[in-house]
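As structure tokens, the structure follows; a few thoughts come after it.
The values are calculated or read from the model by the stated rules, or taken from the named source; none is laboratory data. All figures in this text were calculated on a predicted structure; none of them were measured in a lab. Don't worry about glycine lacking a Cβ; one is built from the backbone with ideal geometry, like all the others, and counts go over all protein chains shown. What goes into the accessible areas is simple: the full protein's heavy atoms, side chains included, and nothing from ligands, DNA or RNA. Shrake-Rupley method; radii C 1.70, N 1.55, O 1.52, S 1.80 Å.
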Amino acid sequence: MQYSKFYNALAPLIAKLFKITAEGVENIPECGCIVASNHIAFTDPILISVAASGRQICFMAKKELFKTPLAPLIKALGAFPVDRSAANVNSIKTAISLVEDGKALGIFPQGHRRAGKDPRTTEIKDGVGMIAFRSKAPVVPVIIENDKMRTGLFKKTHIVFGKPVSYDELG
């Protein structure tokens, strides 16, 4: 309920401020799935959520964000903490549970922001593969494209949701 209120109130403004265009939104399945994107700016979860046209995406977020004044908002939007410095069994269990409950899980396979980097040249962490394997959920590849892989106010941001890759296709 809170998510819908935030989305309806803020999405149009955010879409204009970041000049968001989206492609492939129809590729986000209604069932539980994993939305896996490159990560270039702290605003990425917000921009992807706006581009997803109202489908709530519950993002894994670094635990440090839950110790800031923004923590209540981050929680209200469906995010949950992950400790990136250690194996985090609770976060993985939460992620799998969300997907099994039919939710869309947002994850950045790079593990942290890589501003200015081509995502094809960056290291990918194992978490998304483990969650896909355990949940047997489809993975929706996403790329955030913009000038020099840097997001900013009044800069064009194009978000592409690729066709879902099924568990069987992942091998």
Calculated from DSSP helices alone, with each H run of at least 4 adding -39500 (n - 2.57) and the total divided by the residues of the chain, [θ]222 nm to the nearest 500 comes to -9000 deg cm²/dmol
Quick shape summary for the chain, equivalent ellipsoid via Cα gyration tensor, semi-axes whole Å in descending order, reads 22, 18, 17
Of the accessible area of the chain, computed with a 1.4 Å probe and all protein chains kept, carbon and sulfur make up a percent value of 58 percent
Note: GLU169 to GLU30 extended length (0.36 nm per residue) minus current alpha-carbon separation gives 48.2 nm
Interchain or sequence-distant (5+) residues whose placed amide H lies within less than 5 Å of the amide H of ALA22 are ILE159
Expected unfolding gain across LEU70-ASP147 under the 0.36 nm per residue rule, minus the alpha-carbon gap, is 24.9 nm
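Counting only heavy atoms of the protein chains, get the accessible area per residue of the chain (1.4 Å probe) and round it to a whole Å² value.
Working: 9640 Å² over 171 residues.
Here the residues of the chain average 56 Å² of exposed surface.
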Length gained, LEU13-PHE42, 0.36 nm per residue minus C-alpha separation, equals 8.7 nm
Once the in-chain neighbours fewer than 8 apart are removed, the lysines whose Cα is under 21 Å from LYS67 read LYS75
Residue by residue through the range 151-156, the couplings from Karplus 6.51 cos²θ - 1.76 cosθ + 1.60 with θ = phi - 60°, in Hz, x for Gly and Pro, are 8, x, 4, 6, 9, 4
Sorted by chain and then number, the residues having a modelled amide H within less than 5 Å of the amide H of VAL35, at least 5 places away or on another chain, are LEU105, GLY106, ILE107, VAL140
Protection proxy (average C-beta count within 10 Å per residue), highest first, orders 154-167, 67-80, 25-38 as 25-38, 154-167, 67-80
Karplus-derived 3J(HN,Hα) from phi for the range 52-58 (6.51 cos²θ - 1.76 cosθ + 1.60, θ = phi - 60°), whole Hz, x at Gly and Pro, runs 6, 6, x, 6, 5, 10, 8
